[in-house]
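Notes for the one structure printed next.
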Amino acid sequence: MASLRDLGLSEYEARAYRALLRTGATTAKELSRASDVPMGRIYDVLNSLEQYHLIRSQAASRPKKYVAVEPDTALDRLLESKRQELDEKAQQYQEVVDELTTELDAAEPVHDQFWTAAVGDDETVDLLIERLSAADESLVMVAGTPSPQFDLGAVGDLVVEEIEAALERGVDVSVLMSPDMVDSLPESVGRRYMDQLSDHPKFHVRTAENLTGVFNLIDDVEVCIEVPNPLDPGQAFAMIDLKDPDFAADLRETFEPRWERAVPLAL
């Protein structure tokens, strides 16, 4: 059951405000009796309610009288107070994240070999998005066969968002697709990629014949390889992430001549 305490009031403050709605204008002493708030606490409670702008006082009267503001107004003011409190908390957390990001990024990167795999739709998407967001310098995306990351829907939206974020970080993004892959994309997909990304100086798309598979090369040290579902090649079955500078260098060496011979995608 909802309570005024959910919006930040103490038990005594909630009791006093509710009592004022019943009694109308009244003195502190009368309100103490009506609300069961001890007389020794009633003035602190009234001062607090005034700071929330939930009550008004008539200082000219002797003894001083208090009246509650209308419930709609009171609730709006409590809600706004909570929003401000949450905004301040969010800002504090953002400052902590910014400080920790600087501190943690200062650590020397580890170049040891490491690999992991994700199986299943959600796990595969999570791993892909996580690794795309880790790109600092370069991102190469190769698609020779249909792939959810180049399709409509939630996965495609997330990939586009990560590409845009990478470009904002100054990452060079190169996308290489087979002509068949381009032809298989719905017109709206190509339009979205091109409309949102094509004008960026660090974003390039080319096509090349005889491409197979789908993989992402990240900062020339890490490779995300998509494993298609054997029962439905248009869907990903798993994602293998391999952090191996030597393997990544070999892949880059193989990719470069294909990229040089590739044809820029016409808009």
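Regarding residue 56, is this residue more than 41 Å from the chain's Cα centre (by Cα), assigned to a loop (DSSP other than H, G, I, E, B) and farther than 22 Å from residue 86 by Cα?
no
Within segment 2-32, track down each residue that is in a loop (DSSP other than H, G, I, E, B) and farther than 23 Å from residue 83 by Cβ.
Residues satisfying the conditions are 24, 25.
Is it fair to say residue 66 is within 26 Å of residue 86 (Cα to Cα), among the hydroxyl-bearing types (Ser, Thr, Tyr) and touching a Lys or Arg at 6+ places or on another chain (Cβ under 9 Å)?
On the way: within 26 Å of residue 86 (Cα to Cα): no; among the hydroxyl-bearing types (Ser, Thr, Tyr): yes; touching a Lys or Arg at 6+ places or on another chain (Cβ under 9 Å): yes.
Spelling it out, it is not the case that residue 66 is within 26 Å of residue 86 (Cα to Cα), among the hydroxyl-bearing types (Ser, Thr, Tyr) and touching a Lys or Arg at 6+ places or on another chain (Cβ under 9 Å).
Looking at 227, 214, 223, 205, which is the one that is in contact with a helix residue (DSSP H, G or I) (Cβ under 6 Å, 6 or more places away or on another chain) and under 25 Å from residue 134 (Cα atoms)? It would help to see each step written out before you state the result.
On the way: 227 fails: in contact with a helix residue (DSSP H, G or I) (Cβ under 6 Å, 6 or more places away or on another chain); 214 fails: in contact with a helix residue (DSSP H, G or I) (Cβ under 6 Å, 6 or more places away or on another chain); 205 fails: in contact with a helix residue (DSSP H, G or I) (Cβ under 6 Å, 6 or more places away or on another chain).
223 is the lone residue from the list that is in contact with a helix residue (DSSP H, G or I) (Cβ under 6 Å, 6 or more places away or on another chain) and under 25 Å from residue 134 (Cα atoms).
Can you tell me which residue within segment 100-127, out of those that are under 18 Å from the mean Cα position of the chain (by Cα) and surrounded by 10 or more Cβ atoms within 10 Å (Cβ to Cβ), is modelled with the lowest pLDDT?
101
Which ones in segment 33-47 are loosely packed, with under 14 Cβ neighbours inside 10 Å and in a loop (DSSP other than H, G, I, E, B)?
36, 38
Report, by residue number, each residue of segment 48-83 that is farther than 17 Å from residue 15 by Cα, surrounded by 13 or more Cβ atoms within 10 Å (Cβ to Cβ) and hydroxyl-bearing (Ser, Thr, Tyr).
Residues satisfying the conditions are 57, 81.
What tally of residues in segment 244-265 results from selecting those that are buried (at least 18 other Cβ atoms within 10 Å of the Cβ) and either over 25 Å from residue 133 (Cβ atoms) or modelled with pLDDT under 90 (or both)?
Counting residues in segment 244-265 that are buried (at least 18 other Cβ atoms within 10 Å of the Cβ) and either over 25 Å from residue 133 (Cβ atoms) or modelled with pLDDT under 90 (or both) gives 2.
Quick one: how many residues across segment 202-224 are modelled with pLDDT of 90 or more and surrounded by fewer than 17 Cβ atoms within 10 Å (Cβ to Cβ)?
Here the count works out to 3.
The values are calculated or read from the model by the stated rules, or taken from the named source; none is laboratory data. Quick caveat: nothing in here was measured; it's all calculated off a predicted structure. No Cβ is skipped: glycine too gets one built from the backbone with ideal geometry, and neighbour counts run over all protein chains shown.
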